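Structure first, commentary second.
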Amino acid sequence: MKRTLTALTLALGVSAVSSAQAQTTVTFWTWYLSPKFDPYIKDTIAAFEKANPGIKVQWFDKQASMVQDFVASVNLGNAPDVVNLNIDETAKAAQNGFLRPVDALTSPASLKSTFYPQSLKNFTVDGKVYGYPWYGSLNEGVLLYNPELLAKAGVKPPGNMTELLNMVKTVKDKTGAYAWVPALKDPGGASFMGYFYSDGLAVYDASGKAAFNSAAHVALLQKYVDLFKGGYLPEDALRKEAFQLATELYPQNKVAMIVGGPQALNRIKDTNPGLYAKTVVTTAPLGKAGVQTGTSMGMVVPVASKHPAEAAKLAAFFTNNANQIAFAKIVPIIPTTAAAQNDPFFKQSSTDPIAKATSLVGASGRFINPGFKTPGNSDDLYKNFSDNIEAALLGKKTAQQALDDSVTYWNANMSK
């Protein structure tokens, strides 16, 4: 009997070792999600591991150093298996040969049935899909405003961007608060391109060359230059990202309106609950083209991943409709899954600002569109564009010269 038990024990021990050896560990990097969303990420990982007992997930949340760490990991040959990148960074990584096409890991039919066509297009480079679209945001999103400041200024909420630009001086002159904080610059340096797109102005010509220096482009930039020089736009908009600055100033009653994603409301609720309760949410003012612009995060699989099949399973699991809806119930992100537009969660009526904003934009993932294709050599091009926009705003160049100089630089340095 003892021999039998010993044999059984040995057999179980060997089985356990084999099972441990058979388990695959997938490393997963996200971007700026910890610690606020730790419970959601950890719960989703646990659900994935339960459904895939042969796969273990190691999660790391990267923040300011994400892109540098990713490039370094690729160069050192120890890249993670799944990485959370935005549209721009995905395009750069794909152009540099760092990523596997995900339509070679998951069937194109499955991708098309899961995501909005535009969402897949956003992560497509040279005809191949390089990212599983994840949560998104709209630049215009919604309009949220302080009704007391608008009443003091004697203006109504703007119905479009032309009306918004026309009331900037009135709001500041009569209330002392800025009307809103436009995105003059961002880390990529291309935020102003969104204004061109939303006004129906092309970034490239038919041959693919940069062509954002027409009289119409110049006239639009000049409107912002005039407002900035007149002190009607905050100087810090050249030093801080617009969302960050707006959510700092609005709770202090120093900004009357925010045009953007519902995420701003979470910060306002935390910093000034009284103003949050008064805040009115309505549809966003759009440019002449009547379109929304926006971006989204995605999940990519590096070429250097040692477990691409398992990585694809994890990326597809996190970005499926059920898990994107679950995320949207925690924070007002916009799912990129086609089924989301019919979800009851986005059809609720409420007077709560966050709930109302979520219902207005949550089912609008099909509108997420950067407005232009990420150019090759984009880091240098975006920096040049940003530097020229800043030069125009500071009066160092005319609006025409700034755009002419940037177009010339782009066409001399843009790689395909």
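The values are calculated or read from the model by the stated rules, or taken from the named source; none is laboratory data. Quick caveat: nothing in here was measured; it's all calculated off a predicted structure. Using ideal geometry, Cβ is built from the backbone for each residue, glycine included, and neighbour counts are taken over all protein chains shown. To get the accessible areas, we keep the full protein, side chains included, count just its heavy atoms, and leave off ligands, DNA and RNA. Shrake-Rupley method; radii C 1.70, N 1.55, O 1.52, S 1.80 Å.
Identify the residue in segment 156-178 that is farther than 17 Å from Y195 by Cα and under 31 Å from the mean Cα position of the chain (by Cα) and, among all such residues, is most open to solvent (accessible area, probe 1.4 Å).
K156
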Which residues, taken from segment 322-343, are part of a helix (DSSP H, G or I) and among the β-branched types (V, I, T)?
-> I325
Keeping to segment 251-274, report how many residues are modelled with pLDDT of 95 or more, out of contact with any helix residue (DSSP H, G or I) (no Cβ under 6 Å at 6 or more places or on another chain) and either part of a helix (DSSP H, G or I) or not polar (S, T, N, Q) (or both).
-> 5
Being in a helix (DSSP H, G or I) and in contact with a helix residue (DSSP H, G or I) (Cβ under 7 Å, 6 or more places away or on another chain) is the filter; apply it to segment 115-144 and report the residue that is surrounded by the fewest Cβ atoms within 10 Å (Cβ to Cβ).
-> Q118
Is there any pair with a first residue in segment 103-126 that is at positive phi and a second that is surrounded by 19 or more Cβ atoms within 10 Å (Cβ to Cβ) whose Cβ atoms are under 9 Å apart and which are 6 or more apart or on different chains, and what are they?
-> D126/A94; D126/Q95
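Right, G131: under 25 Å from the mean Cα position of the chain (by Cα) and of a type outside the set (D, E) or not? Lay out the reasoning, then the answer.
Values: under 25 Å from the mean Cα position of the chain (by Cα): yes; of a type outside the set (D, E): yes.
Yes; evaluated as a whole, the condition is true for this residue.
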Within segment 56-103, which residues are touching a helix residue (DSSP H, G or I) at 6+ places or on another chain (Cβ under 8 Å), among the small types (G, A, S) and not in a helix (DSSP H, G or I)?
-> A79
What are the residues in segment 344-379 that are open to solvent by less than 30 Å² (accessible area, probe 1.4 Å) and part of a loop (DSSP other than H, G, I, E, B), if any?
-> G362, A363, S364, I368, G371, T374, P375
